[in-house]
1. Take A171 and K316, extend 7 Å from each Cα along the Cα→Cβ direction, and tell me the distance between the two endpoints in nm.
2. Tell me, what is the per residue accessible area of segment 177-341 in Å², probe radius 1.4 Å?
3. What is the distance, in nm, between label points placed 7 Å from the Cα along the Cα-to-Cβ direction at H68 and at Q183?
4. Starting from the Cα of I11, move 7 Å in the Cα-to-Cβ direction to define the label point; list residues of segment 317-356 whose amide nitrogen is under 14 Å from there.
5. Expressed as an acute angle from 0 to 90° and rounded to the nearest 10, what is the orientation of the C-alpha long axis of helix 260-271 relative to the principal long axis of the chain?
6. Which net charge results when you count Lys and Arg as +1 and Asp and Glu as -1 among the other residues whose beta-carbon is under 11 Å from that of K65?
7. Work out from phi, with θ = phi - 60° and the Karplus expression 6.51 cos²θ - 1.76 cosθ + 1.60, the ³J(HN,Hα) of each residue of segment 29-35, listed in order in whole Hz, and give x for Gly and Pro.
8. If I build a Gaussian network model for the chain, linking alpha-carbon pairs within less than 10 angstrom, which residue out of L180, L257, L19 has the largest mean-square fluctuation?
Amino acid sequence: MISTAITPIDIKKTQTSRLSNVDFGNLPFGQIFSDHMMVCDFKNGKWENPKIVPYEPISLAPSAKIFHYGQSVFEGLKAYKDKEGKIWLFRPLENQKRINLSAERLAMPQIPENYFMEGLKALLKVDSNWIPTDDGSSLYIRPFMFATSEGFHASPADDYKFIIATSPSGAYFAGDVKVLIEQKYARSANGGVGFAKAGGNYAGQFYPTQLAKDKGFQQVIWTDDTTHEYIEEAGAMNIFVRIGDTLLTCPTSDRILDGITRKSLIELAKSEGINVEVRKIKVSELVEAHKNGQLKEMFGAGTAAVISPISGFGFKEETFNLPTIEESYASFLKKRMTDIQYNRTEDPFGWRYEVK
Ligand code: PLP
Ligand code: COI
């Protein structure tokens, strides 16, 4: 844990809150932005004190290195408000650790734990009225850091900006998702940056995802970059498969993001007596299991999408539909997980984190 002394956070409040314009009963995902943001600059080899300022455009030089060499990492987590108005986060220190893993891989500075956590808490307190209370809605939190130094030299920047912005959000996907198992493109490779939440990883997914959308699928199931025989991730989610009564997910690697939802679901499912296997999953195994009626469910898991059931997958020229089943693992685990997140049940794992 890196911690650097922090002085009281300077808060500059907006003169014109936009809160009353928001229709909290009808929230899109990540389209509406709360009144304030946290900003923290890295200059002369050290972090300046975090501050809270109105959410507004920032000014950068055209030669800022973010625009040229893509040094940019981000995180995603959510704040939940319970019936008593208490504010909760879910395993936020995992996000803090992960942004530093991503930062290290992109030769960017480490963000001290207290800057991340104190900055985030101060922001949530200022914008606490922006946290939705409706079931299925939450305040999506986007911490991100990028290179601000000017220069066309292809080398790491000296200066960076760390911002946390938030967005009251509803569901990420409107309904079930149909996915295409990718046979040509890859999102990551061994030794690459797939395990990092680097902005460029997502840019690289857009074109193949667009091609999949043109064929009627909403997402791509990424496969390993060398053989395309093994499934690895579902768009910006980790992938789970139920064959018979066993819940399967593939092991993480330097190609796959170590999802916080994924690792929580593995623990949760095991604690509920579900047989969980973490092992490589071949596309041919899915096709086989589908043919003999053993492929019961597939779903993606991630902070934004929570658990997103997959209603079918395309592979080569064939489409394999999955019937909706009662008592699915997806809906059971989603309820267990969100009950913990919204403080509707006990949290035997110690995952909930109160903001006070
Ligand atoms: N995989 C990718 C590529 C992602 O972008 C995300 C989203 O954060 C996930 C998986 C799920 O990770 P988490 O559960 O930590 O949100
Ligand atoms: C998240 O699930 O929080 C993510 O970061 C995915 C994002 C691309 C929306």
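1. 3.4 nm
2. On the way: 6920 Å² over 165 residues.
Result: 42 Å² of accessible area for each residue.
3. 4.2 nm
4. 356
5. With rounding to tens, the tilt is 50 degrees.
6. On the way: positive: none; negative: E150, D158, D159.
It works out to a net charge of -3.
7. Ordered by residue, 3J(HN,Hα) equals 9, x, 10, 10, 10, 5, 5 Hz.
8. Its mean-square fluctuation being the largest, the pick is L19.
The values are calculated or read from the model by the stated rules, or taken from the named source; none is laboratory data. All of these numbers come straight from a predicted model, not from anything done at the bench. All Cβ positions, glycine included, derive from the backbone under ideal geometry; neighbour counts span all protein chains shown. Note: accessible area is taken over every heavy atom of the protein model, side chains too, but ligands, DNA and RNA are not part of it. Shrake-Rupley method; radii C 1.70, N 1.55, O 1.52, S 1.80 Å.
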